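Beneath this line is the structure, given in structure tokens, with notes to follow.
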Amino acid sequence: MLNFILWFLFTCVLAIAVKSFSGGAKAAGSDLPPGPSSFPVIGNLPELGDKPHISLAKLSQIYGPIMSLKLGQVTTIVISSAAMAKEILQTHDTSFYNRFIPDAVNAHQHSDFAIIWLPVSTRWRNLRKICNSHIFSTQKLDANKDVRRKKIQQLLAYVKESSRAGKAIDVAQQAFNASLNFLSNAMFSVDLADPSSDTGREFKETGRRRHMATHFGKMFEIFDCLIDQRLKLREEHGRFGDAESGDILDTLLSMSQDSSNQIDRNTIKHLFLDLFAAGTDTTSSTLEWAMAELLRKPETLSKARSEIEDTIGKGKPVEESDINRLPYLQAVVKETLRLHPAAPLLIPRKASEDVKISGFTVPEGAQILVNAWAIGRDASTRDNPYSFMPERFLGSDIDFKGRHFELIPFGGGRRICPGLPLAIRMLHPILGSLINSFDWKLEDGVTPENMDMEEKFGITLQKAKPLRIVPTVVF
């Protein structure tokens with residue numbers, strides 16, 4: 001009995017100590033943002049679950065749009081409203097320029113070379129300039145327009161063949177193949193995915209493996225092979241010309257000859273890794289969610305198709321030059337990105353100094369997570385926030401280019417995604433062409449009412465169950 005009493009007293013004292021350890025700083029008057037009490041060592045990690053964007057959104061309803069918690073031993077500030085996002089991404093942008101780097105991206109020293117993870121520095125500015133001037137500039141994207149058109153035509157041809165065979169297609173996989181082949185052609189003038197084989201699927205699955213070192217290593221092997229082939233070709237044919245000619249690889253190799261550009265083979269490989277990571281899964285997941293939402297609401301799909309038919313004609317593929325004449329299609333893309341941002345928790349930032357926001361202190365060294373998923377579904381700023389309603393964007397000047405903080409799927413501020421101009425040119429024509437060229441039927445007796453819309457959190461926000469649909473040619 002005495003042992004039981006002693007054990008009980010020890011347990012009570014231990015519980016009080018744990019409570020004091022985890023929540024005592026705030027109770028003593030800390031000006032950290034409010035947040036849940038945490039456990040020693042592991043902090044609030046058990047509360048995140050397998051869908052942290054949703055868990056954090058629920059916690060923000062209790063603790064507010066700026067809250068603090070512990071992820072392991074890391075002080076983490078979570079932002080869940082447009083107003084607070086503006087504070088981080090615009091008002092105090094210089095204090096949050098840099099990234100909080102996960103251990104996984106240290107594989108192959110990727111964080112030391114990657115534009116996504118580098119701190120704001122001369123190297124980062126140089127890479128950003130290369131992206132803006134030589135990869136994603138209007139001039140360069142215009143020059144690559146025919147390549148994108150060809151890849152969309154190949155996608156539509158594959159879908160047409162599937163239609164003749166009465167075969168369902170995996171929307172995300174085929175969109176991934178098209179995106180991968182556009183990027184690989186723009187970079188290397190080769191296709192890396194065959195829509196009729198598993199090569200694209202294998203490339204996509206590689207990118208989802210747990211061990212990033214293995215994934216990075218395989219990607220670098222591909223890049224090394226392509227670079228070696230190109231260097232040999234350039235040596236044989238004297239292709240050391242203008243950096244504006246040829247594909248992106250030619251451009252970068254020519255620039256690497258000038259030491260003032262501070263770009264070498266290793267930097268080129270890491271840049272390619274970032275470009276592939278940012279430009280494939282994100283595009284394919286967004287297109288899959290858009291098609292899923294449209295098939296759930298046939299009247300919305302009908303509106304989108306009618307606009308395209310009336311503007312460019314029935315059954316015709318949508319061109320990039322058509323986008324500005326298709327406001328409802330633009331609204332569909334915005335609404336998809338609002339509900340299903342590819343990166344629901346934007347790439348984490350790091351506080352470079354103590355910053356006062358809304359009366360609270362964001363401490364130096366803290367990790368900053370901006371919950372774009374929660375911001376997009378904020379009931380205080382939108383009617384029916386969980387409903388797919390493209391009409392909410394008609395007649396509105398809200399866009400996703402980082403100026404309107406209620407819609408920030410690509411981030412904002414100086415570190416907004418540099419590939420945004422390319423995303424616009426890919427999402428709208430592919431989606432519009434699929435809508436206008438085919439009717440669609442759900443596979444295996446699935447109805448709009450019982451479609452599985454469960455999310456899977458990962459490198460991007462995927463549908464837990466891939467969307468498979470049967471196309472029918474409309475002309």
Cα centroids of segment 412-426 and segment 276-335: how far apart, whole angstrom? 18
Name the lysines eligible as straight-distance cross-link partners of LYS356: C-alpha to C-alpha under 23 Å, and not fewer than 8 places from it in the same chain. LYS26, LYS70, LYS86
Output the pairs from LYS140/LYS297; LYS218/LYS456; LYS51/LYS151 with a Cα-Cα distance over 29 Å in this structure; if there are none, say none. LYS140/LYS297; LYS51/LYS151
Taking the Cβ of ILE312 as the center, what net charge do the other residues with Cβ under 10 Å away carry, scoring Lys and Arg +1 and Asp and Glu -1? -2
Give me the accessible area per residue for segment 115-188, probe 1.4 Å, as a whole number in Å². 39
Taking Cα pairs closer than 8 Å and at least 6 residues apart, the relative contact order of the chain in percent is 22
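Taking only C-alpha pairs under 8 Å that are 6+ residues apart, what is the relative contact order of segment 216-374 in percent? Walk me through the numbers before you get to the answer.
Numbers: 117 pairs, mean separation 21.9, N = 159.
Once normalised by length, the contact order is 14 percent.
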Nearest-10 value in Å² for the accessible area of LEU69, using the 1.4 Å probe: 10
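Leaving ligands, DNA and RNA out of it, report the carbon-plus-sulfur percent of the accessible area of segment 361-407 at a 1.4 Å probe. Could the numbers behind the result be given before it?
Working: 930 of 2020 Å².
Using a 1.4 Å probe with all protein chains present, segment 361-407 comes out at 46 percent carbon and sulfur.
Considering only DSSP beta bridges whose two residues both sit in the chain, what percent are antiparallel, to the nearest 5? Present the calculation step by step, with values, prior to reporting the outcome.
Numbers: 24 of 28 bridges.
Around 85 percent antiparallel, to the nearest 5.
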Relative contact order for segment 295-361: what is it in percent, counting Cα pairs under 8 Å that are at least 6 residues apart? 21
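Hey, what D do you get for the chain in µm²/s if you plug the Kirkwood alpha-carbon radius into Stokes-Einstein at 20 °C and 1.002 mPa s? Display every interim value, and only then the final one.
Working: Rh = 24.2 Å.
Taking Rh from Cα pairs, D becomes 89 µm²/s.
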List the chymotrypsin sites (Phe, Trp or Tyr not before Pro) within segment 295-394 that DSSP assigns to loop and that have no more than 16 neighbouring Cβ atoms inside 10 Å. TYR386
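Sum -39500 (n - 2.57) across every DSSP H segment of at least 4 residues in the chain, then divide by the residue count to get the 222 nm mean residue ellipticity, nearest 500.
Numbers: 16 runs with 222 residues, N = 475.
After summing the helix terms and dividing by residue count, I get -15000 deg cm²/dmol.
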Under a 1.4 Å probe, counting only protein heavy atoms, VAL41 has an accessible area in Å², nearest 10, of 100
Write down, largest first, the equivalent ellipsoid semi-axes of segment 329-451 in whole Å, where each equals the square root of 5 times an eigenvalue of the alpha-carbon gyration tensor. 32, 17, 14
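The values are calculated or read from the model by the stated rules, or taken from the named source; none is laboratory data. Worth saying up front: this structure is predicted, and the values here are computed from it rather than measured. Cβ coordinates were reconstructed from backbone atoms using ideal geometry, including for glycine residues, and neighbour counts include every protein chain displayed. With ligands, DNA and RNA removed, areas are computed over all heavy atoms of the protein, side chains included. Shrake-Rupley method; radii C 1.70, N 1.55, O 1.52, S 1.80 Å.
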